[in-house]
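One structure is given here, and the rest of the page talks about it.
The values are calculated or read from the model by the stated rules, or taken from the named source; none is laboratory data. All figures in this text were calculated on a predicted structure; none of them were measured in a lab. Every residue, glycine among them, receives a Cβ derived from its backbone with ideal geometry; neighbour counts consider all protein chains shown. SASA here: full protein model, heavy atoms, side chains in, ligands and nucleic acids out. Shrake-Rupley method; radii C 1.70, N 1.55, O 1.52, S 1.80 Å.
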Amino acid sequence: MSDAAPFGAGAQAVVVGATGAIGAAVVRRLTGRGLPVLAVARSKTDLDALASDCELVSPCPADIGSNEATAIIGAALTGPVRMAVFAAGLPVRGSADTIDPDALAVGSNIKLGGLLRLLHAVRDRLVPGSRFVTFAGSLGLEPRAHEAGPGAVNAGVFNLMRQISLLYGPRGVTTHTLSPGPADTPRLRRIVAAVAAERGAAEEDVWQEYVAQNSLGRLPTAGELAWAVELLLDPEADLLHGSVLYLDAGGHRGIH
């Protein structure tokens, strides 16, 4: 029996940011459990490439930074939503001294506004047992001096997800915030290259600075982060409703 069966033959998942490293890994995990996935991203070409690898993937080109995405995603849904996952990345960086203030608005529009656009697109198809899931980086809980955007915007995501949990928990829909630290992804490799160039440092030295932020001695992979999303398909994951699941390999320093 597939994981979609208890929700009916037409049940599906929605993954926003499906063509990113983490989003694509989530898509692979969910389809591996037999769950059809509506894959949302801006690039139709990248979505078509993702769908070509699995017949359970349906491409849905949409810009989650635009209100039009709500109608586009909603129109592509055909049955109950087993799980909705927001895995879009944050395209801003810099300290409070260097970041363009407008970039904070851009980041908020994608991560906060986008989260609401996804919610509004799927809310009429959420049923008892559905999961609403997002990623919010650890900098939202433990700020550092040089990452104003991820710190401020992800702090808002933690708050917004708690609000959503209060609204939807009584309806039997559970909400889950996954909080990774730095992960071994192409995006982090690009950031490391940019930081190394800014400092005139070796990329490997900068990379090891990120590794040193956790106590595991290596960075998590996209596949490992996606494993946590698959875990939420289990009925026992009801008990994780409204909480934050830390996927940072021992990087958090505070006791939460």
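Return the residues of the stretch 127-178 that are under 15 Å from the mean Cα position of the chain (by Cα) and of a type in the set (A, V, I, L, M, F, W, C); say none if nothing qualifies.
Answer for the stretch 127-178, where residues must be under 15 Å from the mean Cα position of the chain (by Cα) and of a type in the set (A, V, I, L, M, F, W, C): 132, 133, 135, 136, 139, 153, 155, 157, 158, 160, 161, 178.
How about the stretch 40-156: which strands (runs of 3 or more DSSP E) wholly inside it have at least 1 residues that are of a type in the set (Asp, Glu) and open to solvent by 10 Å² or more (accessible area, probe 1.4 Å)?
On the way: elements: 57-61, 81-86, 131-135.
Output list is empty.
From the list 70, 19, pick out the single residue that is under 18 Å from the mean Cα position of the chain (by Cα), within 22 Å of residue 221 (Cα to Cα) and at pLDDT 95 or above.
Values: 70 fails: within 22 Å of residue 221 (Cα to Cα).
19 is the lone residue from the list that is under 18 Å from the mean Cα position of the chain (by Cα), within 22 Å of residue 221 (Cα to Cα) and at pLDDT 95 or above.
For residue 207, which of the numbered conditions (1) under 26 Å from residue 156 (Cα atoms); (2) among the aromatic types (Phe, Trp, Tyr); (3) in a helix (DSSP H, G or I) fails to hold?
(1)
Please verify whether residue 87 is small (Gly, Ala, Ser) and modelled with pLDDT of 90 or more, treating the condition exactly as stated. Spell out how you get there, then give the answer.
On the way: small (Gly, Ala, Ser): yes; modelled with pLDDT of 90 or more: yes.
Against the criterion (small (Gly, Ala, Ser) and modelled with pLDDT of 90 or more), residue 87 qualifies.
What is the residue count in the stretch 210-222 for residues that are in a helix (DSSP H, G or I) and crowded, with 18+ Cβ neighbours inside 10 Å? First the steps, then the outcome.
Step one: list which residues in the stretch 210-222 are in a helix (DSSP H, G or I), which gives 210-211, 222.
So of that shortlist, the ones also crowded, with 18+ Cβ neighbours inside 10 Å come out as 210, 222.
Total meeting the criteria: 2.
Kindly provide the set of residues from the stretch 165-189 that are surrounded by fewer than 20 Cβ atoms within 10 Å (Cβ to Cβ) and either of a type outside the set (Phe, Trp, Tyr) or touching a helix residue (DSSP H, G or I) at 6+ places or on another chain (Cβ under 6 Å) (or both), ordered by number. Explain how you work it out, then say what you get.
Initial filter on the stretch 165-189 (surrounded by fewer than 20 Cβ atoms within 10 Å (Cβ to Cβ)): 165-172, 184, 186-189.
Scanning the stretch 165-189 gives 165, 166, 167, 169, 170, 171, 172, 184, 186, 187, 188, 189.
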